[in-house]
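Take a look at the structure below.
The values are calculated or read from the model by the stated rules, or taken from the named source; none is laboratory data. In this text the structure is predicted, and so the values were computed from the model without any measurement. A quick note on method: Cβ atoms are made from the backbone with ideal geometry, for glycine too, and the neighbour counts reach across all protein chains shown. Areas reflect the complete protein model, heavy atoms only, side chains present, ligands, DNA and RNA absent. Shrake-Rupley method; radii C 1.70, N 1.55, O 1.52, S 1.80 Å.
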Amino acid sequence: MIVAAIIAPATLQHTSWAYVLPIMAILAIAALGQMLVIMQAGIDLSTPGVMTLGGLLVVGVSLGQDHRLALGLLACLGLGAGVGLVNGILVGIVRLNPLIVTLAVGQIVAAYSLRYARENTNSLAVPPALSSWAADKWLGISSVFWTGAAVTVAVALLLRYSAPGRRFQAVGANPRAAWMAGLRVRTHVVFAYTAAGILYASAGILLAGIRINVDPAFGAAYLLTPIAAVVIAGASLSGGLASATSTWVAALALTLLTQMLLVLGLSTALNFIVFGAAIIAGMLISGDRVAALLGRILRPAEPSTGQVETGNNPTS
């Protein structure tokens, strides 16, 4: 914000915030799903596919009619849960590589999105009830933003103050110790991917409400961005350590950065360079690396060999 105030003041104007806040809320919800997966030492590249096909289902199932909107929303959320469940089973139970598995599943979902778009969503838009709700403002701020804030607070409270949330973090931090303590490690991994899929679908619903029209490239921008937000927020890539509120702030920072680049007239392709650099920087200062560094600094100094021998000498 300081840099934007100096080199691109238009970024901080009211019209700019009217765009930034709802878009960052959508990114925050998708990033929260990615955060749950990373807390279990995984990665999920199926986000764009779930958001795209989910948005198309909202349009296709509802047929652009308000009285069928509930069916479209349920279809979208069901898709997210189903894709997440498949990812979770393949990663948590079959023990396949999460990077390869989620990329493959995401590509399958994206391919079906193209077919579904050709056959079911020509000349259709989201139901007016969804688009009008997304356009509504409470206290001068979009309803989409308040929805994203509510989801973030709910996830943060569940992880920090509930017993299942603490067990979830414990399993991610040390699966072997959690297994020895009697926790079902594989169940938590499957749950992480399933919950992530539901959050991706929820982000797709909100994005559809803003965009109104859904196309096959609907969720393409959400491949790297949620990962960048989680990494910048300081999540431990080895699992366990993560913060929902930090992820929310990181989503705001990335969205504001993107808006600043657009105000400056720079190419949108530069966004991918920025996100890639942000992921690398976040990995360098990730939570596990910081924790390891603090551990080395705070660890008490061990006595030297000479001191040990002197202490054991009866004549000393």
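Before moving on, here are some points about what is shown:
- Residue count, segment 204-219 (criterion: surrounded by fewer than 24 Cβ atoms within 10 Å (Cβ to Cβ) and either assigned to a helix (DSSP H, G or I) or without any contact (Cβ under 8 Å) to a residue 40 or more places away in the chain (or both)): 2
- Residues that are small (Gly, Ala, Ser) and under 17 Å from Glu119 (Cβ atoms) within segment 50-72 comprise Gly54, Gly55, Gly60, Ser62, Gly64, Gly72, listed in sequence order.
- One residue from Ala201, Ala178, Ala156, Ala150 being without any contact (Cβ under 8 Å) to a residue 12 or more places away in the chain, buried (at least 16 other Cβ atoms within 10 Å of the Cβ) and either part of a strand (DSSP E or B) or not aromatic (Phe, Trp, Tyr) (or both): Ala178
- Screening Ile43, Ile23, Ile38 for residues that are modelled with pLDDT of 90 or more and not in a helix (DSSP H, G or I) leaves exactly one candidate, Ile43.
- Residue list for segment 2-16, restricted to those being surrounded by fewer than 18 Cβ atoms within 10 Å (Cβ to Cβ) and either part of a helix (DSSP H, G or I) or at positive phi (or both): Ile2, Val3, Ala5, Ile6, Ile7, Pro9, Ala10, Leu12, His14, Thr15
- Residues of segment 115-131 satisfying the condition of being assigned to a helix (DSSP H, G or I) and either open to solvent by less than 30 Å² (accessible area, probe 1.4 Å) or in contact with a helix residue (DSSP H, G or I) (Cβ under 9 Å, 6 or more places away or on another chain) (or both): Tyr116, Ala117, Glu119, Asn120, Pro128, Ala129, Leu130, Ser131
- A Cβ distance below 6 Å, combined with a sequence gap of six or more or placement on separate chains, defines the contacts here; from segment 11-35, residues that are without any contact (Cβ under 8 Å) to a residue 40 or more places away in the chain reach residues that are open to solvent by less than 10 Å² (accessible area, probe 1.4 Å) in the pairs Leu12/Ala4.
- Hits in segment 181-198 (condition: open to solvent by less than 60 Å² (accessible area, probe 1.4 Å) and within 25 Å of Ala30 (Cβ to Cβ)): His188, Val189, Val190, Ala192, Tyr193, Thr194, Ala195, Ala196, Gly197
- Considered as a group, the residues in segment 159-175 that are among the charged types (D, E, K, R) and exposed (fewer than 14 other Cβ atoms within 10 Å of the Cβ) include one that is nearest to Gly42 (Cα to Cα), and that residue is Arg166.
- Filter result (more than 17 Å from Val190 (Cβ to Cβ) and part of a helix (DSSP H, G or I)) within segment 159-175: Leu159, Arg160, Tyr161, Ala163, Arg166, Ala173
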